[in-house]
1. Considering only the range 68-86, state which residues are modelled with pLDDT of 90 or more and outside any strand (DSSP E or B).
2. I'd like to verify a number: residues in the range 6-49 that are in a loop (DSSP other than H, G, I, E, B) and in contact with a strand residue (DSSP E or B) (Cβ under 8 Å, 6 or more places away or on another chain), how many?
3. Can you find, within the range 50-67, the residue that is farthest from Tyr17 (Cα to Cα) among those that are open to solvent by less than 90 Å² (accessible area, probe 1.4 Å) and not in a strand (DSSP E or B)?
4. Do we have any residue at all in the range 34-49 that's in contact (Cβ under 8 Å) with a residue 12 or more places away in the chain, within 14 Å of the chain's Cα centre (by Cα), under 19 Å from Ser99 (Cα atoms) and open to solvent by 50 Å² or more (accessible area, probe 1.4 Å)?
5. When the range 6-33 is examined, which residues are found to be in contact (Cβ under 8 Å) with a residue 24 or more places away in the chain and open to solvent by 50 Å² or more (accessible area, probe 1.4 Å)?
6. For the range 10-20, state whether one or more residues are among the polar types (S, T, N, Q), under 19 Å from Thr101 (Cα atoms) and modelled with pLDDT of 90 or more.
7. If you check Leu78 against the conditions, is it surrounded by 13 or more Cβ atoms within 10 Å (Cβ to Cβ) and touching a residue at least 24 places away in the same chain (Cβ under 8 Å)?
8. Would you mind telling me which numbered condition in (1) more than 21 Å from Gly5 (Cα to Cα); (2) open to solvent by less than 70 Å² (accessible area, probe 1.4 Å) Ile70 fails?
Amino acid sequence: VEYSGSNLCTGKLPSFYQGHRNVTTIDVELSGKSEFGSGLQEALMDSRKSHKIPLLVKVRVPVGVVIGGIHLRPATVLVNVTLVVDNLAPNKKIGILSSNTTF
């Protein structure tokens, strides 16, 4: 997860199987330690105060597809999700104000 081009945290997706016409929800533990310059720190604080925090979530994951019992070669899928969230406080629900996904 990035804020203004600076890495906030990272995580690892677990392996999972998603069946045909199925929705799978997974939890990903994110952790990180970032040192921001004073300008970026102030910008993040201003975004938090306005409850509009722009984030970029980058996902790179190998995906294997099975069609009628035929296993296709796995491919790496890259997904970028641009989000605007209302808060990043610990133990508080995060609301997504807007999102855009590309892959």
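The values are calculated or read from the model by the stated rules, or taken from the named source; none is laboratory data. Source: prediction; values computed, not measured. Using ideal geometry, Cβ is built from the backbone for each residue, glycine included, and neighbour counts are taken over all protein chains shown. All accessible areas refer to the heavy atoms of the entire protein, side chains included, with ligands and DNA or RNA removed. Shrake-Rupley method; radii C 1.70, N 1.55, O 1.52, S 1.80 Å.
1. Result: Leu72, Arg73, Pro74, Asp86.
2. Start the filter on the range 6-49 by keeping residues that are in a loop (DSSP other than H, G, I, E, B), which leaves 8-9, 12-29, 32-37.
Retained after the next criterion (residues that are in contact with a strand residue (DSSP E or B) (Cβ under 8 Å, 6 or more places away or on another chain)): 8-9, 13, 28-29, 32, 34, 36.
Result for the range 6-49: 8.
3. At the first step, the residues of the range 50-67 found to be open to solvent by less than 90 Å² (accessible area, probe 1.4 Å) are 50, 53-57, 59, 61, 63-66.
Applying the additional criterion that residues be not in a strand (DSSP E or B) yields 50, 64-65.
Values: Ser50: 39, Gly64: 9, Val65: 10 Å.
Among those residues, the one meeting the criterion is Ser50.
4. So far as the range 34-49 goes, no, none of its residues is in contact (Cβ under 8 Å) with a residue 12 or more places away in the chain, within 14 Å of the chain's Cα centre (by Cα), under 19 Å from Ser99 (Cα atoms) and open to solvent by 50 Å² or more (accessible area, probe 1.4 Å).
5. Within the range 6-33, Asn7, Leu13, Leu30, Gly32 qualify.
6. If we filter the range 10-20 for residues that are among the polar types (S, T, N, Q), which is where we start, we get 10, 15, 18.
Next cut, under 19 Å from Thr101 (Cα atoms) only: 10.
Okay, now just the ones that are also modelled with pLDDT of 90 or more, so 10.
Yes, the range 10-20 contains a residue that is among the polar types (S, T, N, Q), under 19 Å from Thr101 (Cα atoms) and modelled with pLDDT of 90 or more.
7. Details: surrounded by 13 or more Cβ atoms within 10 Å (Cβ to Cβ): no; touching a residue at least 24 places away in the same chain (Cβ under 8 Å): yes.
Criteria not met by Leu78.
8. (2)
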